[in-house]
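Notes follow once the structure below has been shown.
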Amino acid sequence: MADMNYDLIVIGGGPGGYVAAIRAAQLGLSTAVVERENLGGICLNWGCIPTKALLRSAEVLRNAKHASEYGLVIQNPSFDLDKVVQRSRKVAGQLNGGVKHLLKKNKVAVIEGEAKLLGKGQVAVTKGGAAVGTFGAKNIIIATGARARTLPGLEDDGNLVWTYRKAMTPNTTPKSLLVIGSGAIGIEFASFYNELGAKVTVVEVMDRILPVEDEEISAFARKQFEKQGMRIITNGKAGNLRKGADSVTVAVEANGKTEDITVDRVILAVGISPNTENLGLENTKVQTDRGHIKTNANCQTDEPGVYAIGDVTGAPWLAHKASHEGVIAVEHIAGKHPHALDVRNIPGCTYSHPQIASVGLTEKKAKEAGYEVRVGRFPFIGNGKAIALGEADGMVKTVFDAKTGELLGAHMVGAEVTELIQGYTVAKTMETTEQELMQTVFPHPTLSEMMHESVLDAYGRAIHF
Amino acid sequence: MTIQILMPALSPTMTEGNLAKWLKKEGDAVKSGDVIAEIETDKATMEVEAADEGRLGKILVQAGTQGVAVNTPIAVLLEEGEDDSALAKAAAPAPAPAPAQAQAASAPAPAAAPAPQAAAAPAPAAQGGGRVFASPLARRLAEQAGLDLKAVKGTGPNGRIVKADIEAAKAGGTAKAAAPQAAAPAPAAAPAAAPAAGAAPKAAGIDAKDLSDKLGMRYKAQPNSSMRKTISRRLTEVQQTVPDYFLAIDCELDALLKVRSDLNARSKDYKLSVNDFIIRAAALTLKKFPNINAAWSEEAILRYDHVDISVAVATPTGLITPIVKKAETKGLAEISNEMKGLAERARDGKLKPEEYQGGTFSISNLGMYGIREFAAIINPPQACIMAVGAGEQRPVVKNGALAIATVMTVSVTVDHRVADGAQGAEFLAAFKKLIEDPLSMLL
C-alpha cells in the first residue's frame, strides 16, 4: 500500500520539474516533487544562475579596469575570489529558497530523497539508503536532468581537473587554465577565468567554437576572445591527462601535430550525460535512445502515465526547454491541448564577453534545408547606444526565407544580446514576416535598433550602415 | 545461369538513383554495350549499358521508380539457350522500393476548397463574416498559395490560423491541380504588344487564375521563378513576332550507331552519345550554311563566324541551353566531354552566364522520351532550332521491299526572315547526309 497517493509525482525539482509541479497545482492536481539534493536543480544551484553571478563579477571588474576610458578614476581594481564565490552562492541560495516558497504556496508536497519507479504508478523514495516511503501516482513526470559528461582518460578529480561544480566554487584562481569543450558552458568559464587574469586555452574538437551557432557568429566570437588573450585550438583533441603536484599536462593533437600543454587546472565541458540510472526504468516500458528517454510531442514515454521532460530527454539542454516541456506534459495530463514546442523557436544564450544569442536556423542550416535565404547583418559600430556604452564590437544577423518572408533564424554576438534575442523569439513564435518587423517601432537609442536594421538589411534597406 | 543486372553506381558518390526509363523490353535481345536503361541521379541522367549478351528476361524495377539503391537487382538477363523457365530459378527479386508519390495519395481536405459559389477572386479576410485570425506568415503563405483563409481551420491559440494550418490545407488540396499560368490558352495578341524586357508577359484573353477562382477549381499556385519568367517572356515574344516555318526529315541511324559503338569500344576517355554526333553533324552542316547560322536584325542579317550550339537541357527548375562554342572546330570526344560537364552544371544550377548566353543555333532532343517528332520554338535571336526525335526501328522501303532500319526524325523551325524554305530544306538534307554517312564527318 502506498503511503500517499497523488495525481502527479514529479521526479526532480529543477527548472523542468518545479515548473511542472506548479502548473499542475494551478490545474488542481494533487502534486508532489521528489528532489534528492536542491530544489531548483542544477540550473539554479550549480548552473545558469551561479555562473551568471560569477560572470557579473567579472563584468564589473572589466568595466573597472576600463574605467579610464569612461573618464573615471579607479586605482588598481582587483578581486577577492572567496567573496566572488560567496556572492554567487548567496544568489543561488536566495533563489533556492524562492522555489521552496513557490512550491509551498502552491501546496506542492516536497519529498526529499531519491525516487525509483516500481511500475504501475508506484514510486519508492529512499534517502541515504533508508526508505522514505512508497507513493502512488496517476501520472509521473521524470525530470531528473543531466550531469557533466566525462570521457575515458578525461575524468575530473575535484582538485586539478574540474567540471562545472568545482569550476564555480574555486579556492584558487589558476594562473593558467585549459578548457576542454567550447559549448556555452566551456566558453562561459573560459571567459570568466580569462577576465580574472588566467591564461586560458580552449580546445574544441570541431572546426569552430560554439559549434551550434551560426558560422559567422562563431568566427566573430573567436576573434574577440583571441583579442582578449585567449588561445583557441579547434580541430583539437585532448589526450590523457598527466597530473603533477599542482599542474596538469595534456597532449593536445591538432592539425596533425601534438603539443604538450601544461596548466594549473583543467575544466571539462565536453557535454552532458542524462540521469537515468537507478530510476527503475526497467520496471516500466520507458525506452531510451543513447541514454536519453524517448518521448513524443506531448512528452509521453512508452509507459502509459509516465512522462519525461528536460535534459533527460535530450537536446537542446536548456532550462527554458525543460520548463516548457513541463507545462506541456502537465497540460496533457490535465486533458488540455498544450502548445507544441518548436525547437526552432527555442533561443540559446552564452553569457561570455561578448555574449552570444540565437534562435532558429543558422544560415548554413537554412540553406541545407532547401530554403532560398535573404540574410541581413548589422554591426554594433553602426548603433549609437552601442558606441555610448563603449561596446562597439558585435553584430546582429537575420536569416529570412526569401519566398515567404518567414524569419528562419536570428544570430547575435555582442553586449546584452542575451536580453535582445527575446524580441526575435516572440516574432518567430507569432510567425511574423519581415513586414511586421520592419513596421515595428524600436526605441531610440537602444541596442534593439540593430535588430530592426538587420531585418532592413536583409531587404537592402538598412539605414545606418 | 541467369545474370542479374544491378543498379550501377554511375559516380563514386552515388548511393541511389531513379530508374528513369527502360530502353529494352522484356524479351528483347541485348548485346554487350547496348543501352538498356536510363538512370537519373540528382546530378544527371545517364545510360546503363549491358555488360553481357542475352535476352532481357524480366524487369524487376519498373521505369519511374525513385530512390533505387545502388546494387539492387533491376533486371534479369537470360543467357543464350535459356528460356523463361530459368527465371523461376533465379533469385527472388528484391521488392521494388515504393515509388515516392505520396502527394498523389492524400485525400482532398474539404477545408482547403475555396467556396465554389464565390463569384469574385478570394475576398480579403476582413470582408463578410468578421475578422479571420491568422499569423502574418500564414496570411502571406495563403496569399501565395491562392487559399481563402476563411476556408482554413486554425489550430493555433484560440483557433488562430498558423503556418502549419496553411501547409496542411495545401497538402490536402488536389495534388494535380494545374498551375494557373499553364492553363491559359493565350491567343496571339498583336505583335505590337511585345512586353517590356524583364516583365513576364501577361496572358491575353482569359486569365487562368480569374477563371479558376470563378469556377471554384482547386489548384496550387507555383510562384514563377525568374527562370520561368524569362522562358515565358522570350518564347511569347518569338511566337508573336517571328514568322517561322517547320520542316522534318527522317534520318537512318544504323551506320551512325555502328560507328558510335566502334568508337566507344576504343577508349574509356569518352563515351559518345547519339546527341554528340548530332551536335557535330549540325556544326559541320552549319559551317556550309552560314545563312542558317544567323540572326535577324532590323538593318542586316548577322551571319556568325563561328557555330555556337545551344543545347537544351531540362533542369529541375526549368529549361536552360548551355552552349558548345565553336562547335565546328571540335571533334566528337571533345564535344561529348564538354557537353557532359555543361549538362551537369546546368542541372546543378551552376552555369556561368557566358556558358548559356549567346548561341547561334539550338538543338532540342526529346528522343529519350520516345517523342517521334516535334516542332520546337525558336530560341531568340537565333534563326533556327533543330528538334530531334527518338531513334527507333521502323519499317522502311528499300529497293521496293520492306526492310527494318533505325530511323530518327529531325525537324527544324526556321525564321523565314533569315532563310527561305528552300534554304532550310537544303540545310536539313545536308545534315541528314552527314548523319547517314557518319564517316563523311571526318572529311
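Quick rundown of the values:
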{"item": "Residue match in the range B:389-399 (condition: touching a Lys or Arg at 6+ places or on another chain (Cβ under 9 Å) and either in a loop (DSSP other than H, G, I, E, B) or not assigned by TED's automatic domain parsing to the domain that holds B:Lys433 (or both))", "result": "no"}
{"item": "Qualifying positions in the range A:329-352 - more than 20 Å from A:Thr51 (Cβ to Cβ) and polar (S, T, N, Q)", "result": "A:Asn345"}
{"item": "Condition check for B:Ile404: part of a helix (DSSP H, G or I) and among the β-branched types (Val, Ile, Thr)", "result": "no"}
{"item": "Residue identified as in a helix (DSSP H, G or I) and either crowded, with 19+ Cβ neighbours inside 10 Å or hydroxyl-bearing (Ser, Thr, Tyr) (or both) among A:Ile421, A:Ile381, A:Ile387", "result": "A:Ile421"}
{"item": "Residue count for the range A:14-32, restricted to those that are over 22 Å from the mean Cα position of the chain (by Cα) and not in a helix (DSSP H, G or I)", "result": "6"}
{"item": "Residue check, B:Ala376 within 15 Å of the chain's Cα centre (by Cα), assigned to a loop (DSSP other than H, G, I, E, B) and either touching a residue at least 40 places away in the same chain (Cβ under 8 Å) or within 17 Å of B:Asn275 (Cβ to Cβ) (or both)", "result": "yes"}
{"item": "Qualifying residue in the range B:111-132 (condition: within 14 Å of chain A (Cβ to nearest Cβ), surrounded by 14 or more Cβ atoms within 10 Å (Cβ to Cβ) and at pLDDT 85 or above)", "result": "no"}
{"item": "Filter result for the condition that a residue is aliphatic (A, V, I, L, M), in a helix (DSSP H, G or I) and either within 28 Å of A:Lys223 (Cβ to Cβ) or in the same structural domain as A:Glu363 (by TED's automatic domain parsing) (or both), over A:Leu456, A:Leu408, A:Leu447", "result": "A:Leu456"}
{"item": "Residue count for the range A:141-158, restricted to those that are in a strand (DSSP E or B) and surrounded by 15 or more Cβ atoms within 10 Å (Cβ to Cβ)", "result": "6"}
{"item": "Filter result for the condition that a residue is farther than 28 Å from A:Asp311 by Cα, in contact with a Gly (Cβ under 8 Å, 6 or more places away or on another chain) and not hydroxyl-bearing (Ser, Thr, Tyr), over A:Lys367, A:Lys397", "result": "A:Lys397"}
{"item": "In the range B:374-403, residue surrounded by the most Cβ atoms within 10 Å (Cβ to Cβ) [restricted to those that are under 17 Å from B:Ala282 (Cα atoms) and not small (Gly, Ala, Ser)]", "result": "B:Cys384"}
{"item": "Lone qualifier among A:Gly239, A:Gly181 - being at pLDDT below 95 and either out of contact with any helix residue (DSSP H, G or I) (no Cβ under 8 Å at 6 or more places or on another chain) or among the polar types (S, T, N, Q) (or both)", "result": "A:Gly239"}
{"item": "Entirely in the range A:159-266, the strands (runs of 3 or more DSSP E) that have 1 or more residues that are out of contact with any Ser or Thr (no Cβ under 9 Å at 6 or more places or on another chain) and not basic (Lys, Arg)", "result": "A:176-180, A:236-243, A:248-254, A:257-263"}
{"item": "Residue under evaluation A:Ala427, criteria (1) within 14 Å of another protein chain (Cβ to nearest Cβ); (2) more than 26 Å from the chain's Cα centre (by Cα); (3) assigned to a helix (DSSP H, G or I); (4) at pLDDT 95 or above, criterion not met", "result": "(2)"}
{"item": "Among the residues listed as B:Lys163, B:Lys170, the single one being in contact with a strand residue (DSSP E or B) (Cβ under 8 Å, 6 or more places away or on another chain) and at pLDDT 80 or above", "result": "B:Lys163"}
{"item": "Qualifying positions in the range B:338-373 - in a helix (DSSP H, G or I) and closer than 21 Å to B:Leu286 by Cα", "result": "B:Glu338, B:Met339, B:Glu355, B:Tyr356"}
{"item": "Total residues in the range A:31-63, condition free of Cβ contacts under 8 Å to residues at least 60 places away in the same chain and of a type outside the set (A, V, I, L, M)", "result": "7"}
{"item": "Within the range A:39-140, strands (runs of 3 or more DSSP E) holding 2 or more residues that are of a type in the set (S, T, N, Q)", "result": "A:122-127"}
{"item": "Residues within the range A:430-459 that are surrounded by fewer than 19 Cβ atoms within 10 Å (Cβ to Cβ), closer than 16 Å to A:Gly405 by Cα and either touching a helix residue (DSSP H, G or I) at 6+ places or on another chain (Cβ under 9 Å) or modelled with pLDDT of 95 or more (or both), tallied", "result": "6"}
{"item": "Residue in the range A:396-415 that is surrounded by the fewest Cβ atoms within 10 Å (Cβ to Cβ), counting only those that are away from every other protein chain (no Cβ under 14 Å) and in contact with a Lys or Arg (Cβ under 6 Å, 6 or more places away or on another chain)", "result": "A:Lys397"}
{"item": "Test set (1) closer than 26 Å to B:Gln423 by Cα; (2) surrounded by 21 or more Cβ atoms within 10 Å (Cβ to Cβ); (3) hydrophobic (A, V, I, L, M, F, W, C) - B:Ile301 fails condition number", "result": "(2)"}
{"item": "The range A:430-465, residues that are on the phi > 0 side of the Ramachandran plot and either within 14 Å of chain B (Cβ to nearest Cβ) or touching a residue at least 40 places away in the same chain (Cβ under 8 Å) (or both)", "result": "A:Glu431"}
{"item": "B:Ser336 being in the same structural domain as B:Ser362 (by TED's automatic domain parsing), crowded, with 21+ Cβ neighbours inside 10 Å and not hydrophobic (A, V, I, L, M, F, W, C)", "result": "yes"}
{"item": "Subset of the range B:18-72 (residues that are β-branched (Val, Ile, Thr), in a strand (DSSP E or B) and in contact with a Gly (Cβ under 8 Å, 6 or more places away or on another chain))", "result": "B:Val30, B:Ile39, B:Val68"}
{"item": "A:Glu204 touching a residue at least 60 places away in the same chain (Cβ under 8 Å), surrounded by 24 or more Cβ atoms within 10 Å (Cβ to Cβ), under 27 Å from A:Arg344 (Cβ atoms) and out of contact with any Cys (no Cβ under 7 Å at 6 or more places or on another chain)", "result": "no"}
{"item": "Residue tally, condition within 24 Å of A:Gly348 (Cβ to Cβ), charged (D, E, K, R) and at pLDDT 95 or above, over the range A:285-318", "result": "2"}
{"item": "Test: residue in the range A:39-52 that is out of contact with any Gly (no Cβ under 9 Å at 6 or more places or on another chain) and surrounded by fewer than 20 Cβ atoms within 10 Å (Cβ to Cβ)", "result": "yes"}
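The values are calculated or read from the model by the stated rules, or taken from the named source; none is laboratory data. Because the structure is predicted, anything quoted here is derived from the model rather than measured. Backbone-built Cβ (ideal geometry, glycine too); neighbour counts: all protein chains shown.
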